[in-house]
Amino acid sequence: MSVRVRIAPSPTGNLHIGTARTAVFNWLFARHHGGQFILRIEDTDQTRSQPEYTKNILDGLTWLGLNWDQGPIFQSQRLELYRQAIKTLLDQGLAYRCYTTAEELEEMRAAQKARKEAPRYDNRHRHLTPEQRAAFEAEGRKPVIRFLIDDNREIVWQDLVRGKLTWKASDLGGDMVIARASEQDEIGQPLYNLAVVVDDVDMKISHVIRGEDHISNTAKQILLYEAMGANIPEFAHTPLILNMQGQKLSKRDGVTSISEFKEMGFTAEAIANYMSLLGWSPPDSTQEIFSLEQAAKEFSFERVNKAGAKFDWAKLDWINSQYLHQMSASELVDLLIPYWQGAGYKFDQTNARSWLESLAAVIGPSLTRLPEAVEMSRMLFVESIEFTPAAVEQLSKEGATEAVQAILEVLSDYPELSADNASQIVKTVIKEHKLKKGLVMRSLRAALTGDVHGPDLMASWVLLHQQGVDKTRLQQALTL
Ligand code: GLU
């Protein structure tokens, strides 16, 4: 059997991490089996669907490297297909027009509540006579279309993640609405469960991989597949993403859309890597850093957890730092330029390229998220620096001024400065002035960078020298 899977986001919001993680599992499964990964945009809800959300979803999937083989296919362009399916169900007596008004439904629910029963439609219009129907029409009632659900049925499927699942049809809330009433059209507006099944049949989807919040829809959809005489695909319901306390994610957890993770300075590779670990682990569970291609080789639902996956910011940060630390200076510069520009740092992109790459090589090993580069490299971009209180204190220590003075003097012998030269200068000063190495290094850092912490000192010095600002900095420090 050829594997055909789909991700079917609704463009009613930006690409959320939950949908993106489901997309990752679909992609991994498709690639593992050499199958097809299809992108379908479920935009039948015309009022809530927005083109900018579609764009955000497409951009997000592309950024993550989740390339699709077919699509995007828009449900809004396939309404005729859904209408045909509804018409067939009506003709076969498997669906019917229901004229119950909103007030009547409300009354029905209130009565059920009073009897302490679960709310459900009581199937009251299942067997209307042509006369009753005509009377409702004459009142001007607009019908919805309901699909008959036999309450005696039990729906059973073997879920690839959750094992055998059983649903009583009587728990599905009565005959299900498959099309909303519409002024323009006698079939009405096809709804989610119907459109999904029609599409999944039409697109020959072999495996429906989606969030476990869809389990009750699956029970309903299986009945629709049967009614349409179609093959029922396999289902895999992926675990929810929870916060560290094991609760449903809320706004406060800050776990949002892919575009926001991008803005926070995570790399696409790190996010994709982390998402594949949200509910899945490779056979060698000590392996935590891998590309999507590597994960695809190993992916199977046997290693997908039933339990919710906890979203761990610390782990994501760690994974992101691994990617940033491994990255070539050139790749890192490409990612950092927008942040440096955003901070208003001045540089000429073409001339400064090699300098920027040296800078990226210096700060890269300390980065966890890209925006940290702004503060870390400030002292290398700006003309004049401010000294932190700790730096001022360092420079007021006994021997500090002498050390800086001496460095300045020796430095004048070096028109070009390499890291080796820089170390040589420090060694000379230590030896000739009988100063402690720690004092010289800390004072040099304070004088050059205005701080007592920061990236590799010798490398930073070389970068400052190339900018032509190291001497002025040392002189400035002496005037403190
Ligand atoms: N449009 C649905 C959603 O965004 C997906 C439904 C499905 O995968 O079947 O949750």
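Any chance segment 216-230 includes a residue that's farther than 22 Å from H127 by Cα, more than 32 Å from the chain's Cα centre (by Cα) and in a strand (DSSP E or B)?
Of segment 216-230, the ones farther than 22 Å from H127 by Cα are 216-219, 221-222, 225, 229-230.
Within this subset, residues satisfying the condition of being more than 32 Å from the chain's Cα centre (by Cα) are 229-230.
When the remaining residues are screened for being in a strand (DSSP E or B), the result is none.
Checked against the condition, which is being farther than 22 Å from H127 by Cα, more than 32 Å from the chain's Cα centre (by Cα) and in a strand (DSSP E or B), segment 216-230 yields no hits at all.
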> Can you tell me which residues in segment 377-411 are in a loop (DSSP other than H, G, I, E, B), in contact (Cβ under 8 Å) with a residue 24 or more places away in the chain and not aliphatic (A, V, I, L, M)?
Replying inline: E383, S384, E386, F387, T388, S396, K397, G399
> When both residues are 6+ apart or on different chains and their Cβ atoms are under 6 Å apart, which pairs have a first residue that lies in segment 2-16 and is free of Cβ contacts under 8 Å to residues at least 40 places away in the same chain, and a second that is near the ligand (Cβ under 9 Å from one of its atoms)?
Replying inline: S10/E42
>> Going residue by residue through segment 108-115, is there one that turns out to be aliphatic (A, V, I, L, M), within 30 Å of I41 (Cα to Cα) and modelled with pLDDT of 95 or more?
In response: no
>> Quick check on my filter: what residues within segment 231-243 are over 30 Å from Y96 (Cβ atoms), outside any strand (DSSP E or B) and more than 22 Å from the chain's Cα centre (by Cα)?
In response: none
>> Checking R252 against (1) within 27 Å of A169 (Cα to Cα); (2) part of a helix (DSSP H, G or I): exactly one of these is not met. Which one?
In response: (1)
> Within segment 75-91, can one find any residue that is within 13 Å of the ligand (Cβ to nearest atom) and touching a Lys or Arg at 6+ places or on another chain (Cβ under 9 Å)?
Replying inline: yes
>> Where the second residue is charged (D, E, K, R) and more than 14 Å from the ligand (Cβ to nearest atom) and the first is under 21 Å from A8 (Cβ atoms) and modelled with pLDDT of 75 or more and lies in segment 183-194, which pairs have Cβ atoms under 7 Å and are six or more apart or on separate chains?
In response: Q189/R180; P190/R83; L191/R180
>> I need the full set of residues from segment 49-94 which are farther than 18 Å from V24 by Cα, surrounded by 18 or more Cβ atoms within 10 Å (Cβ to Cβ) and among the small types (G, A, S), in order please.
In response: S49, A85
> Any idea which of H207, H214 is without any contact (Cβ under 8 Å) to a residue 24 or more places away in the chain, within 13 Å of the ligand (Cβ to nearest atom) and in contact with a strand residue (DSSP E or B) (Cβ under 7 Å, 6 or more places away or on another chain)?
Replying inline: H214
> Going through segment 290-309 one residue at a time, which ones are free of Cβ contacts under 8 Å to residues at least 40 places away in the same chain and within 21 Å of G60 (Cα to Cα)?
Replying inline: F290, S291, Q294
> Could you say which residue among R141, R162, R180, R153 is basic (K, R) and in contact with a helix residue (DSSP H, G or I) (Cβ under 6 Å, 6 or more places away or on another chain)?
Replying inline: R153
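Only residues that are aromatic (F, W, Y) and in contact with a strand residue (DSSP E or B) (Cβ under 6 Å, 6 or more places away or on another chain): list them for segment 232-276, please.
So in segment 232-276, the residues aromatic (F, W, Y) come out as 235, 261, 266, 274.
Correct list: F235 only.
Scan segment 169-184 and give yes if some residue there is within 16 Å of the ligand (Cβ to nearest atom) and buried (at least 19 other Cβ atoms within 10 Å of the Cβ), otherwise no.
Within segment 169-184, the first condition is being within 16 Å of the ligand (Cβ to nearest atom), and the residues that meet it are 176, 178.
Now drop any that are not buried (at least 19 other Cβ atoms within 10 Å of the Cβ), which leaves 176, 178.
Yes, segment 169-184 has at least one match.
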> Out of all the residues in segment 166-181, which are part of a strand (DSSP E or B) and either over 28 Å from T44 (Cβ atoms) or without any contact (Cβ under 8 Å) to a residue 60 or more places away in the chain (or both)?
Replying inline: T166, W167, K168, M176, R180
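What do you reckon, is D45 surrounded by 14 or more Cβ atoms within 10 Å (Cβ to Cβ), within 15 Å of the ligand (Cβ to nearest atom), under 31 Å from the mean Cα position of the chain (by Cα) and not aliphatic (A, V, I, L, M)? Explain how you work it out, then say what you get.
Values: surrounded by 14 or more Cβ atoms within 10 Å (Cβ to Cβ): yes; within 15 Å of the ligand (Cβ to nearest atom): yes; under 31 Å from the mean Cα position of the chain (by Cα): yes; not aliphatic (A, V, I, L, M): yes.
Answer is yes for this residue.
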> Among the candidates D45, D69, D59, which residue alone is closer than 23 Å to L191 by Cα, charged (D, E, K, R) and either out of contact with any Cys (no Cβ under 6 Å at 6 or more places or on another chain) or modelled with pLDDT of 95 or more (or both)?
Replying inline: D45
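The values are calculated or read from the model by the stated rules, or taken from the named source; none is laboratory data. Keep in mind that this is a model prediction, so the values were computed, not measured. FYI the Cβ positions are ideal-geometry reconstructions off the backbone, even for glycines, and counts take in every protein chain you see.
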